[in-house]
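**Student:** Just passing along the structure, written as structure tokens.
The values are calculated or read from the model by the stated rules, or taken from the named source; none is laboratory data. Just so you know, these numbers come straight off a predicted model, no measurement behind them. Neighbour counts run over all protein chains shown; Cβ positions are idealised from the backbone, glycine included.
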Amino acid sequence: MTDPTWFSDAVLDRAKWGALVEPLLQRVALARDRGRFPHALLLVGPRGLGRELAAVEAAVMLACDGAPDPWSVSPCAERVRSGNHPDVVAMMPEGKKGIIKIDPIREQVVAVVGSRPYEALRRVWIFDAVEAEHLPGPSANAFLKTLEEPPDHAQFILLAANPSAVLPTVRSRCQQLSLPGAAVMAGGDTGEEVPPELAASVLAGARLDGVLGEVRSALEAGISGELRHLLRLPYLIGDKINPFEVVAAVATELAAEGADAERSEDFIRLAADLLTTDRLSRALNLSSDRQLVSCLLRWFQGT
């Protein structure tokens, strides 16, 4: 039976989502070590595609003394991952409408936030889905002051697929960080679904007409052993939008849709490599086209 107060094993599957979320977790560890981790983090990404794993592993690194790096193993870490640590609490939508209700917020957050952790370094609350339809005004208002000025030992991690659907009063109190993820509606007039991380480029005038479909077809052909379509991707995407982000977003979507676990892991591996290569290319001012082709060839050979 699924625990309604914690995350399912499927969304916390490290084998499936670990490679995708690890770059973000490295940033969490660095910010924590420098004393710069925000008291409230809005973690943006589609539900069930890695954001829950990222949130729980971030909670491990924030709460547990023996967790200096991502995926650290300790009794504290395992209790957090299983939902059995008293200092790490998930606030989940309830009922047919899927709302995070006022009473649990008052009882499990506001009434106890001032108390020191029972045994961990910090107390961490993970809010699963904070768009206005899941965290409406009355529920949000119940802890806005706490969210804005929590005690030093309190950390909040808020999850959302679409940050523009989060109440401004909540969004303005958080630092935002995005995971790559499957396509969701993000605005613009392209008629296509756009990954959240590409929305700003679309609204700035970049055209994606047909591009996402072409990328999808090329990746599906690539995993079936057809190389030539993959090699055309840099020319299909153009130079007005980050090609690594486009291909990574589509690869993640394909991973989520796949019934074959091995195939899904191949797509996740590609997405993780693309994002790492993108950062390296920008840092060293390398040719994005060449680096993208190299990344795709590595993936093709590995499949």
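**Student:** Is it the case, given these coordinates, that Leu42 is part of a helix (DSSP H, G or I) and either outside the structural domain of Ile157 (by TED's automatic domain parsing) or surrounded by 13 or more Cβ atoms within 10 Å (Cβ to Cβ) (or both)? So that I can check it myself, show each step before the final result.
**Tutor:** On the way: part of a helix (DSSP H, G or I): no; either outside the structural domain of Ile157 (by TED's automatic domain parsing) or surrounded by 13 or more Cβ atoms within 10 Å (Cβ to Cβ) (or both): yes.
Considered against the rule, which asks whether it is part of a helix (DSSP H, G or I) and either outside the structural domain of Ile157 (by TED's automatic domain parsing) or surrounded by 13 or more Cβ atoms within 10 Å (Cβ to Cβ) (or both), Leu42 comes out as no.
**Student:** So, in the range 45-81, exactly how many residues are more than 15 Å from Ser178 (Cα to Cα) and either in contact (Cβ under 8 Å) with a residue 24 or more places away in the chain or surrounded by 24 or more Cβ atoms within 10 Å (Cβ to Cβ) (or both)?
**Tutor:** Total meeting the criteria: 16.
**Student:** Residues that are crowded, with 20+ Cβ neighbours inside 10 Å and of a type outside the set (A, V, I, L, M): which helices (runs of 4 or more DSSP H) entirely in the range 227-292 hold 1 or more of them?
**Tutor:** Of the helices (runs of 4 or more DSSP H) lying wholly inside the range 227-292, those with at least 1 residues that are crowded, with 20+ Cβ neighbours inside 10 Å and of a type outside the set (A, V, I, L, M) span 243-257, 261-284.
**Student:** Are any residues in the range 7-33 of a type in the set (Lys, Arg), closer than 20 Å to Arg79 by Cα and in contact with a strand residue (DSSP E or B) (Cβ under 8 Å, 6 or more places away or on another chain), and if so, which ones?
**Tutor:** none
**Student:** Another one. Being at negative phi and surrounded by fewer than 20 Cβ atoms within 10 Å (Cβ to Cβ) narrows it down to one of Val110, Val124, so name that one.
**Tutor:** Val110
Here is a yes/no grid of residues against (1) modelled with pLDDT of 95 or more; (2) not hydrophobic (A, V, I, L, M, F, W, C):
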| site | (1), (2) |
| --- | --- |
| Lys96 | no, yes |
| Gln108 | yes, yes |
| Ala111 | yes, no |
| Ala120 | yes, no |
| Val124 | yes, no |
| Phe127 | yes, no |
| Glu131 | no, yes |
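**Student:** Based on what the data block shows, is Ala261 touching a residue at least 12 places away in the same chain (Cβ under 8 Å) and farther than 13 Å from Ser288 by Cα?
**Tutor:** So Ala261 fits the description; yes.
Yes/no per residue for (1) part of a loop (DSSP other than H, G, I, E, B); (2) not charged (D, E, K, R):
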position: Ala31; (1), (2): no, yes
position: Arg36; (1), (2): yes, no
position: Leu49; (1), (2): yes, yes
position: Met61; (1), (2): no, yes
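**Student:** Sort through Ala29, Ala19 and tell me the only one that's farther than 24 Å from Glu253 by Cα and touching a residue at least 24 places away in the same chain (Cβ under 8 Å).
**Tutor:** Going through Ala29, Ala19 in turn, just one is farther than 24 Å from Glu253 by Cα and touching a residue at least 24 places away in the same chain (Cβ under 8 Å): Ala29.
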